[in-house]
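Inspection log for the structure reproduced underneath, given as structure tokens.
Throughout, read-outs are computed from the coordinates displayed, never taken from laboratory work. All figures in this text were calculated on a predicted structure; none of them were measured in a lab. As a convention, Cβ positions derive from the backbone with ideal geometry for all residues, glycine included, and neighbour counts pool all protein chains shown.
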Amino acid sequence: MSMGGHGAHGRYPPPPAPHSSLARPVLQAEELVQRFSRPPGKVYLLYGDRPVFDLSMNIASAMLAEGGHVVVADGGNRFNAHAVIRFAQYGKRNPDDFLRRIFVSRSFTCYQMEQTIVNRLPEVCRKQQANTVLILGLLDTFYDEQAPFREVRQILVRVLATLHELKRAGVSLLLACTDRQVLPEERNILFTTVKARADRVYRLDVRPEVSRLILEQEELSTPIIHRSGNEVPPAKGGDRYGTYRTDLHEHHRQRDRQLVEVPAGTPQGRPGTLR
């Protein structure tokens, strides 16, 4: 999975981004790709304006260009197969080879997202020997008021515990989401929680005159969270949210979302699991 000493932009230059402003912070984006690619085992958060999803697809494509396998958990219908194809074509690579090595699941509720990440993601990573995971719009489904807030917080604890288990197993995870305030206001603590658990936090600020990729946070100590939902108490002064029970009623669960291989030519934005 190492990018070597050449740099992603030098060996596999990304195609022109759909948003031209993304082409400006080239050196910063290149640094992010290199930091994400090595060493293995990390949780990075990339958030900000909507082009974060374009940038995250380019990062995933750079991992594919190095011969790795990528697993995508899509919670906001953001996966764009055409971005992978463009990246491969720009680097004079076979797009079908890239698509054969990327596995995608789309979730439409927080319960489906939990099933995908907690119950399926570790198995798929082991089976496919995938060391890269891209999670798009992790919290989009968590903001749905039909899901009780107490349950949503419990689910998030279990999801984050699984992500850190994968990190310890040598998997690098990139969480990409937009920056927004939601109602009711209590649900904004979900993003704060995710941000606090990330090893590095990057914010993409896109403006007409300039785009900036800002490193907001790095290498903070991360507490151990058991998948049972129990969290080891943080160091003194830590900003944590206690221990949650794990009673999640079965009748709230939706049918399992399966991680499947992306067929060549799969378009962007169609609902449901890619087949």
- Task: Treat each spin label as a single point 7 Å out from the Cα along the C-beta direction, and report the residue 210 to residue 192 distance in nm.
- Result: 3.0 nm
- Item | In the stretch 29-109, trypsin sites (Lys or Arg not before Pro) in a DSSP loop with at most 14 other beta-carbon atoms within 10 Å | 92
- Note on the structure: P(r) over all Cα-Cα pairs of the stretch 53-139, 10 Å bins from 0 to the longest distance, whole percent per bin, short to long, reads 18, 51, 27, 4
- Of the GluC sites (Glu not before Pro) in the stretch 128-226, those whose Cβ has at most 12 other Cβ within 10 Å and which sit in DSSP loop: 145, 209, 219
- Task: List the residues of the stretch 144-171 whose backbone N lies under 18 Å from a point placed 7 Å from the Cα of residue 185 along the Cα-to-Cβ direction.
- Result: 149
